[in-house]
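Read the structure below first, then the notes.
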Amino acid sequence: MKVSIDFARCEGHGLCEEAAPDLFRLDDEGDLLALFDHEADLPADRQTAAERAVRVCPIGALKVAGR
Ligand code: SF4
């Protein structure tokens, strides 16, 4: 699976970072950083955390894609 990130929609709530700190981080400006290659399939051991982050994003800026 892949996770698509709509950076333009992201409002910097940071819930994805709380849900999956190995995958997402907000920088000092409050901009979202992806700590993984979102063009590539996620390794199996990171998928559960990614799904958790997708679920908690309040504005749907994260989506599971390419299953
Ligand atoms: S939870 Fe959604 S809106 Fe908040 S920082 Fe993450 S992607 Fe952006």
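Derivation of every value follows stated rules applied to the coordinates shown; laboratory data play no part. Keep in mind the model is a prediction, meaning the values are calculated, not measured. So basically every Cβ, Gly included, is an ideal-geometry build from the backbone, and we count neighbours across all protein chains shown.
The table for this structure:
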{"quantity": "The range 1-17 residues that are in contact (Cβ under 8 Å) with a residue 24 or more places away in the chain and among the hydroxyl-bearing types (Ser, Thr, Tyr), paired with ones that are near the ligand (Cβ under 7 Å from one of its atoms) and in a strand (DSSP E or B) (beta carbon under 9 Å, 6 or more apart)", "calculated": "SER4/LEU62"}
{"quantity": "Residues that are more than 8 Å from the ligand (Cβ to nearest atom), touching a residue at least 12 places away in the same chain (Cβ under 8 Å) and outside any helix (DSSP H, G or I), drawn from the range 18-31", "calculated": "ALA20, ASP22, LEU23, GLY30, ASP31"}
{"quantity": "Complete set of residues in the range 1-13 that are within 11 Å of the ligand (Cβ to nearest atom), within 11 Å of the chain's Cα centre (by Cα) and surrounded by 15 or more Cβ atoms within 10 Å (Cβ to Cβ)", "calculated": "VAL3, ILE5, CYS10"}
{"quantity": "Tally of residues being small (Gly, Ala, Ser) and surrounded by 12 or more Cβ atoms within 10 Å (Cβ to Cβ) across the range 22-42", "calculated": "1"}
{"quantity": "Matching residues in the range 52-67 - criterion: being outside any loop (DSSP other than H, G, I, E, B) and surrounded by 17 or more Cβ atoms within 10 Å (Cβ to Cβ)", "calculated": "ALA53, VAL54, LEU62"}
{"quantity": "Selected residue (only one of ALA44, ALA65, ALA34 is free of Cβ contacts under 8 Å to residues at least 40 places away in the same chain, closer than 17 Å to PHE7 by Cα and hydrophobic (A, V, I, L, M, F, W, C))", "calculated": "ALA34"}
{"quantity": "Residue match in the range 35-46 (condition: in a loop (DSSP other than H, G, I, E, B), within 10 Å of the ligand (Cβ to nearest atom) and on the phi < 0 side of the Ramachandran plot)", "calculated": "no"}
